[in-house]
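The values are calculated or read from the model by the stated rules, or taken from the named source; none is laboratory data. Treat the numbers as computed from the prediction; the structure is a model and nothing was measured. Every residue, glycine among them, receives a Cβ derived from its backbone with ideal geometry; neighbour counts consider all protein chains shown.
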Amino acid sequence: MARASISLALVAAALAGPPVTSGANPTSQGPSLPSYGTYAWPVAGPVIRPFELPSGPFGPGHRGMDIGVPVGTPARASADGTVAFAGKVAGEHHVSVDHPDGVRTSYSYLSSVAVRRGDLVARGDVVGFTGAGHAGVEPAHLHFGARLAGQYIDPMLLLERRSLVGLIHLARIEDGEPSGDPTVHRRESMEGQVG
């Protein structure tokens, strides 16, 4: 809850700053609010490291979230937009997409890119293929980030809620273990008393 509060405070501060021109509605008088809860997940996998608000522009933190997926998984645009960057930074492939609501999403540590700067992408279009992720961090993952008015925001706020189907697996109950059904325990104790 604290992270969400900090992220929302950061968004409010960003909105109070200078107007966003890239990706903003040209008829508006500044940036629109991000479309929270409407962006698609760029890959399907568990979050292995969440967003951690940096202490300052160059301070420690985690400027995005890491989603665990195998190397070579297609990374998809979370929403419609225009590719702002597609290439290498410090030897690693990255893609950034500007969206109409003023948000810029980033897809980092890719094994390859599938788009070029200036390309229009639709939600779900492949922008690249995942790589190993941050050096020395297991398992392999996509680093997914978001910025608004030049400030990092928690990308989880943008993403649609996911179903827990497929993420929760029920364990089989072995013979002799309690079933969790209170009527079974009551029946077993009653059978022990009959006699």
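For the stretch 55-69, residues that are modelled with pLDDT of 95 or more and part of a loop (DSSP other than H, G, I, E, B) total 1. Among the residues of the stretch 129-139, those identified as surrounded by fewer than 24 Cβ atoms within 10 Å (Cβ to Cβ) and within 17 Å of Gly91 (Cβ to Cβ) are Phe129, Gly131, Ala132, His134, Ala135, Gly136, Val137.
Hey, can you tell me all the residues within the stretch 53-69 that are buried (at least 16 other Cβ atoms within 10 Å of the Cβ) and without any contact (Cβ under 8 Å) to a residue 60 or more places away in the chain?
So in the stretch 53-69, the residues buried (at least 16 other Cβ atoms within 10 Å of the Cβ) come out as 53, 62-69.
Residue satisfying the conditions is His62 alone.
Evaluate the following for Pro50: is it more than 23 Å from Val121 (Cα to Cα) and at pLDDT below 90? Spelling it out, it is not the case that Pro50 is more than 23 Å from Val121 (Cα to Cα) and at pLDDT below 90. Within the stretch 90-103, restricting attention to residues that are part of a strand (DSSP E or B) and of a type in the set (A, V, I, L, M), which residue is farthest from Arg116 (Cα to Cα)? Out of the qualifying residues, it is Val103. The set of residues in the stretch 131-153 that are assigned to a strand (DSSP E or B), aliphatic (A, V, I, L, M) and in contact with a helix residue (DSSP H, G or I) (Cβ under 9 Å, 6 or more places away or on another chain) comprises Ala146, Leu148, Ile153. Yes or no: the stretch 104-114 includes at least one residue that is outside any strand (DSSP E or B), surrounded by fewer than 20 Cβ atoms within 10 Å (Cβ to Cβ), modelled with pLDDT of 95 or more and small (Gly, Ala, Ser). Yes.
Sort through Gly72, Gly124, Gly87, Gly128 and tell me the only one that's of a type in the set (Gly, Ala, Ser), in contact with a Leu (Cβ under 7 Å, 6 or more places away or on another chain) and either outside any loop (DSSP other than H, G, I, E, B) or in contact (Cβ under 8 Å) with a residue 40 or more places away in the chain (or both).
On the way: Gly72 fails: in contact with a Leu (Cβ under 7 Å, 6 or more places away or on another chain); Gly124 fails: in contact with a Leu (Cβ under 7 Å, 6 or more places away or on another chain); Gly87 fails: in contact with a Leu (Cβ under 7 Å, 6 or more places away or on another chain).
Gly128 is the lone residue from the list that is of a type in the set (Gly, Ala, Ser), in contact with a Leu (Cβ under 7 Å, 6 or more places away or on another chain) and either outside any loop (DSSP other than H, G, I, E, B) or in contact (Cβ under 8 Å) with a residue 40 or more places away in the chain (or both).
Those residues that are in contact with a strand residue (DSSP E or B) (Cβ under 8 Å, 6 or more places away or on another chain) and of a type outside the set (Val, Ile, Thr), I need them from the stretch 45-59; list them, please. Selection gives Gly45, Pro46, Arg49, Pro50, Phe51, Glu52, Leu53, Pro54.
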